[in-house]
Structures are given as structure tokens and as C-alpha cells.
Amino acid sequence: MVKKQTPSAASPLAKERDFSIVVPIYNEEESLPILFERLTKVMDDYTKKTSTTYEIIFTNDGSKDRSQAILETYYKQRPHQVRVIEFNGNYGQHMAILAAFETVQGKTIINLDADLQNPPEEIPKLLEKINQGYDYVGSIRDGRKDNWFRTYASRIINKIRSMITNIVMTDQGCMLRAYSREIVDEIARLHETSTFIPALAYTLSRQPTEILVRHEERVAGVSKYSFYKLFRVTFDLATSFSIVPLQIFTFLGFIVSFFSGLLVAYLLLRRLIIGPEAEGLFTLFSILYFLAGMILAGIGIMGEYLGRIFLSSSKRRGFLVRKTLGQND
Ligand code: UDP
Ligand code: MG
């Protein structure tokens, strides 16, 4: 792949690093202090040992708590290492990551959640794989610590995704991942408005691999994913990488039409031979409702794809930055 000119490379202040750690933040005032302490400790040790450099990019995804103020103190502590992108509102975790991807300076990019469910101490393990020549290091949560609903729902979604796309990911929901700069630059260039970054990165990778990482309880606060947000992300995942949902529907449509056609012919024959009958009214109703349901679902799925075309043709960026702190100010 050709190396693309990124906004960061074009800036006179741009400085190449070895690693960029990208962390999306939404109301994480309680987790932030522990995260910052543990993350800088791990990275300071690792970069000292290997004579490398790193930066941390926080995207504040419209937090309503003190997260921004806390992030600004981190920037003041380490102005050459910390960057903060403040969003104008809450645009979602994946948009937060995308915004950071547009300005990364590292050769390798590591994604981390702020709640410490994936311990930062696992980062060197990912980097070891990168050093072995892999350009995408996924992760599998070892002993997942989420409630049963999340765990089972995500298993089912994982199954469906592996059936309808050719993306090989054991644990799609685990965000602790490392990507090569080529992959990240390409994702930033694509400007997708509703996407699932680990899956998109996978489709762009040359040599992907996966490792097991520890999974812990959230250190503080509650999950920032409401049921609605989870549903959105799942739908994005299904429709971003495959048109199989649409094809299944078309296929079902044909089958249903075929059998309803037979039914109509049969009823017509009875009408001619036996004469008019009032029985079976409810059967007819149920068939009608069934068809109406199918039509509605179909329109919904079509709408989903149309929406996608609309969003990508409108060239909207999907987020608005209010303020940035750090080298690309
Ligand atoms: N997050 C975000 N915007 C959102 C929701 C979440 O930036 O709208 C961030 C959040 O601060 C955290 C990460 O995304 O760093 C994952 O969120 P969370 O841990 O709540 O998700 P879960 O572990 O429940 O899937
Ligand atoms: Mg979490």
C-alpha cells in the first residue's frame, strides 16, 4: 500500500512517534486518574526499555462531567506527549476514535478503553506481535467480566456477523487492539460515518492475528453504552460489511410470494368448485399480517442501506471538534 500524506504529516509541528495510544472518553472522571497513572507507567517503562517514543490522544466525546478539566491537567503535565480532542457533543466511541486517527503520529496505533476493563499492562503483549510483523493485532477477552446479558448478546451477534461477513474475529467487542499506521491512515481517509473500527481495520489488514488479554470489571462508573447505542453499533456492524441481510430478505420475499401464490390458486379452485366460503377468515388474516410484517422489515432494511448512501454522499464528517490541545493546535 502506498504511504499516504496525512494531516499530521503535513503539519510543520508534526513529529513521528513509535506509538500512539488512542482513548475515547465519555463521562469517565472517576476512571481517568487511575487510567492515566497506569497507562503512562506502562508506556514509560516500555519505551525506556526499547528506546522508543509514544503519545496519548484522548478524544472527549462530549462528556458532561469533569473529564475535560482533568484531561487538560494531563496535557499541562505532559504537553509533548498528551493531546486532547474535545468534541462538540456525543458522537459515539467510534467517531471519537476516528477523529484521533486523523491526527495520529505513531507508526503503530493502540486503541484502549478508558474504564480499564482491558488493562493497559497488556499493551506490551500487543506490541510484541507488531514487532513480529503483524499489522493488526486483535484481542480476545480472557474471562469476560460483563453481565450475562451483554456476554450472551455479544456471542449471538458475533455468530451472525461471522455468518454474513468474511471477517474473522473471535471477540469483536474487545477494543484493545493495535493497528499499523497504513491501516489507520486508510480508515481516516475513508471517512465512514457509521462504522465499526475493528472490523473495518480487519478488512484492510495484510497479516492479522489475535491474542488473549485479561478482562476486568470497570474500575468506576457504569457502562456508557445504553441499550439503544448497543443496538446501533450492532446494526452498523451488520450492514457496513455485508449486503447479506438485504439478500436474505429478497430470498425470503421470493419464497413467501411463491407459497402465497400457491395458496391463492388453491383458494381460487375451491371457490370455483365448492363456491363462496367464510371459514378460514382468520387464517387469511394471519397470512396478511405475516406479509405486512415482512414488507415492513424489508422497507426497514432497505432504508438502512439508503441511509448509508445518503450519509456517505452528503460527505458529512460525523463529528465536530470544539477544541484541540497538543501539537496540531
Ligand atoms: N465511549 C465514548 N462515547 C460513547 C460511549 C462510550 O467515547 O458514547 C467510550 C467510553 O468512555 C469508554 C469506551 O468508549 O472509554 C467504552 O465504553 P464502555 O466501557 O462504557 O463500553 P462497554 O465496556 O460497556 O462496552
Ligand atoms: Mg467498558
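Taken together, the values in this text are just the output of simple stated rules run on the coordinates, not laboratory data. What you see is a predicted model; the values in this text were computed from it and never measured. Using ideal geometry, Cβ is built from the backbone for each residue, glycine included, and neighbour counts are taken over all protein chains shown.
Going down the list K48/K76; K129/K224; K125/K229, which pairs span over 28 Å between their C-alpha atoms?
Long pairs (Cα-Cα over 28 Å): K129/K224; K125/K229.
Return the percentage of antiparallel bridges among DSSP beta bridges fully within the chain, rounded to the nearest 5 %.
Given both bridge residues lie in the chain, the antiparallel proportion sits at roughly 30 percent.
Using +1 at the Cβ of each Lys and Arg and -1 at the Cβ of each Asp and Glu in segment 108-255, identify which of N118, T250, I156 lies farthest towards the dipole's positive end.
Comparing the listed Cα positions along the dipole, T250 ranks first.
Through the Karplus equation 6.51 cos²θ - 1.76 cosθ + 1.60, θ set to phi - 60°, convert the phi angles of segment 250-260 into ³J(HN,Hα) values in whole Hz; use x for Gly and Pro.
Result, ordered by residue: 4, 4, 4, x, 5, 4, 4, 4, 4, 5, 5 Hz.
What Kirkwood radius, in Å to one decimal, follows from the Cα pairs of segment 28-82?
12.0 Å
Calculate log10 I(q)/I(0) of segment 208-329 for q = 0.19 Å⁻¹, where I(q) comes from the Debye formula with a single equal point scatterer on each Cα and nothing for solvent.
Relative scattering, expressed as log10 I(q)/I(0), comes to -1.18.
Please list the non-local residues whose amide H lies under 5 Å from the amide H of V22, H modeled 1.01 Å from N, same-chain partners needing a gap of 5 or more.
Sorted by chain and number, the residues that satisfy this are I57, I110, N111, L112.
Roughly how many debye, to the nearest 20, is the charge dipole of the chain about its Cα centre, given +1 on each Lys and Arg Cβ, -1 on each Asp and Glu Cβ, and no other charges?
420 debye
If one takes the longest principal axis of the Cα atoms in the chain, at what angle in degrees, from 0 to 90 and to the nearest 10, does the Cα axis of helix 67-77 lie?
30 degrees
If you take the Cα Rg of segment 14-125 and divide it by 2.2 N^0.38 Å, with N the number of residues, what do you get?
0.98
When the helix-only estimate is applied to the chain (DSSP H runs of n ≥ 4, each -39,500 (n - 2.57), divided by the residue count), what is the mean residue ellipticity at 222 nm, nearest 500 deg cm²/dmol?
So the helix-based figure for the chain works out to -16500 deg cm²/dmol.
Aspartates and glutamates near K323 by alpha-carbon distance under 20 Å, same-chain residues fewer than 8 away left out - which ones?
Of all the aspartates and glutamates, those that pass the test against K323 - Cα under 20 Å, at least 8 places apart if same chain - are E28, E29, E55, D61, D65, E72, E86, E102.
If one computes the Cα centroid of segment 36-95 and of segment 191-256, what distance in Å separates the two points?
25 Å
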